[in-house]
Amino acid sequence: MIEAVETYATAEEAARALGSGGALYLAGGTLVMAEVNANRAPPRLVRALDPALRQIVPTSEAIRLGAGVTMAQILGSRDCAVLHEVARQIGGPQVRSMATVGGNLFARNPYGDFAVALLALGARAVLAGQTSPRPLADLLRDRDRPALVSQIEVPRPRDERSFGFVKLARVHPRGASVLCIAALLPREGSRLRGVRVAYGGMADRPVRAAAVERALEGNTLEEATIARAVAVAAQGLDPPTDALASGWYRREVVGVQLRRLLERLARQ
Amino acid sequence: MAKKPVTFVLNGAERAAFAEAGQNLLDFLRRGVGDLTPKYGCGQGGCGACTVILDGEPVLACLTLAESVAGRRVETVAGLAGAAPHPLQEAFMAHFAAQCGYCTPGMLMSAKALLDRTPRPTREQVVEAISGNLCRCTGYEPIIAAILAAAERGAGA
């Protein structure tokens, strides 16, 4: 039962209020209100009305997304074109007008597709009241610890065609992910340099596919390279079994999806 | 438990009611304001039966904190018809797009949100627009046909 909803003007004040514990931060509501409705939420909800949380600030190097930016805002912003493919595949229109970028970082399986894309793009998160950004992987690792993200910095890929995203769902056109894959494959000449591949649904949080990255890095994106990457697609991973799919199925199918994504990126 | 007064605009008219702490917009509209048109389906954001339009965007009322609509505009099916049914409602009747009718208010609001922005949608855009709304008996084809027919009659113009 919710006893109080505390509304603050700034993200910093909201972060301090969260620090005392027994509270959840409410952003778009798609995750937290579902907990409230199911009577699983702690007694306090904390909100912030800070307009900076809803701002998209493009710079030449990066896109700075306020943590409260919604998927619909991403789709409406030309500066976020590289993320449109991802945002389009999240929820239906109602979810997209509510769900936020910051909330997605804390979404449990089978949600959290956007965080997977951000991880592949090398995004960094700024916590409320702090100035130096943290790599997303760190934040995802300790996401049980209360923290309020105020902004996410997404480095702009030099070539937007070097980024791709694929999602496997059982319900079409919009279902939750069995798994999803985001890949950033920058090229120097014909060689791949600075490869980042991230998976959703293959662990308890979005993770980098280290073996796949090693198979791709420094090579040309041709059939033999793709075959080597696909062969190690599930290496080192023990994907979860849930209502959508078994861990066995995820291990079997991740290589198929990876191949489709790599072949598409090789063509574009 | 503290109750907060919430003043907002419902279907063009200013309304005020008390929201309980943590109360969602669906419960607030139905019990607090007396607008029974948005339906409770799952309370988890999975079915779309509670879809309303908030400041022009379709949202799930069950996942919206009631007090967060203070000062904002909410549209529900209760505001669709004037003297005559809304063209979308006419089209839903003409195309038998409601069988049990439980998903209909959510479908209508998703369709209205689409036509408000895209008066002449493609079939693909219609399918996308209602992709967050579950129907378990009518079937989606008559609903898609009704929305396309309403668009042709200028429902969104």
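Scan the range A:1-49 for residues that are touching a strand residue (DSSP E or B) at 6+ places or on another chain (Cβ under 6 Å) and polar (S, T, N, Q) and the total you get is 1. Residues in the range A:215-267 that are closer than 19 Å to residue A:187 by Cα and assigned to a loop (DSSP other than H, G, I, E, B): A:217, A:218, A:219, A:221, A:222.
For the range A:68-101, the tally of residues that are surrounded by fewer than 24 Cβ atoms within 10 Å (Cβ to Cβ), part of a helix (DSSP H, G or I), away from chain B (no Cβ under 11 Å) and not β-branched (Val, Ile, Thr) stands at 7.
If you scan the range B:100-110, which residues turn out to be more than 8 Å from the chain's Cα centre (by Cα), touching a residue at least 40 places away in the same chain (Cβ under 8 Å) and more than 15 Å from residue B:36 (Cβ to Cβ)? Within the range B:100-110, just B:103 meets the criteria.
In summary, residue B:29 fulfils each of the numbered conditions (1) on the phi < 0 side of the Ramachandran plot; (2) away from every other protein chain (no Cβ under 13 Å); (3) surrounded by fewer than 20 Cβ atoms within 10 Å (Cβ to Cβ) with the single exception of condition (3). For residue B:67, the conditions (1) surrounded by fewer than 24 Cβ atoms within 10 Å (Cβ to Cβ); (2) within 14 Å of chain A (Cβ to nearest Cβ); (3) under 15 Å from the mean Cα position of the chain (by Cα); (4) not hydrophobic (A, V, I, L, M, F, W, C) all hold with the exception of (3). Among the listed residues B:57, B:20, which satisfies the condition of being within 9 Å of chain A (Cβ to nearest Cβ) and surrounded by fewer than 19 Cβ atoms within 10 Å (Cβ to Cβ)? Testing whether each residue is within 9 Å of chain A (Cβ to nearest Cβ) and surrounded by fewer than 19 Cβ atoms within 10 Å (Cβ to Cβ) leaves just B:57. Condition (residue is closer than 29 Å to residue A:75 by Cβ, more than 9 Å from chain B (Cβ to nearest Cβ) and assigned to a strand (DSSP E or B)) applied to the range A:20-28: is it met by at least one residue? Yes: one or more hits.
Restricting attention to the range A:132-155, report how many residues are at pLDDT below 90 and either closer than 12 Å to residue A:65 by Cβ or not acidic (Asp, Glu) (or both). Steps first, please.
Going residue by residue through the range A:132-155, those that are at pLDDT below 90 are A:142-147.
Subset that is either closer than 12 Å to residue A:65 by Cβ or not acidic (Asp, Glu) (or both): A:143, A:145-147.
So the count comes out to 4.
For beta carbons closer than 8 Å, sequence separation of 6+ or different chains, a first residue in the range A:104-128 that is of a type in the set (Ser, Thr, Tyr) and a second that is crowded, with 22+ Cβ neighbours inside 10 Å and assigned to a helix (DSSP H, G or I), the qualifying pairs are A:111/A:104. Could you go through the range B:77-97 and let me know if any residue there is within 13 Å of another protein chain (Cβ to nearest Cβ), touching an Asp or Glu at 6+ places or on another chain (Cβ under 7 Å) and not acidic (Asp, Glu). No, the range B:77-97 contains no residue that is within 13 Å of another protein chain (Cβ to nearest Cβ), touching an Asp or Glu at 6+ places or on another chain (Cβ under 7 Å) and not acidic (Asp, Glu). For the range A:177-228: of the residues being of a type in the set (Gly, Ala, Ser) and more than 22 Å from the chain's Cα centre (by Cα), which is surrounded by the most Cβ atoms within 10 Å (Cβ to Cβ)? Checked the range A:177-228; the qualifying residue surrounded by the most Cβ atoms within 10 Å (Cβ to Cβ) is A:215. Determine whether the range B:35-53 contains at least one residue that is over 29 Å from residue A:176 (Cβ atoms) and either facing chain A (nearest Cβ under 9 Å) or not in a loop (DSSP other than H, G, I, E, B) (or both). No, that holds for no residue.
The values are calculated or read from the model by the stated rules, or taken from the named source; none is laboratory data. Worth saying up front: this structure is predicted, and the values here are computed from it rather than measured. Don't worry about glycine lacking a Cβ; one is built from the backbone with ideal geometry, like all the others, and counts go over all protein chains shown.
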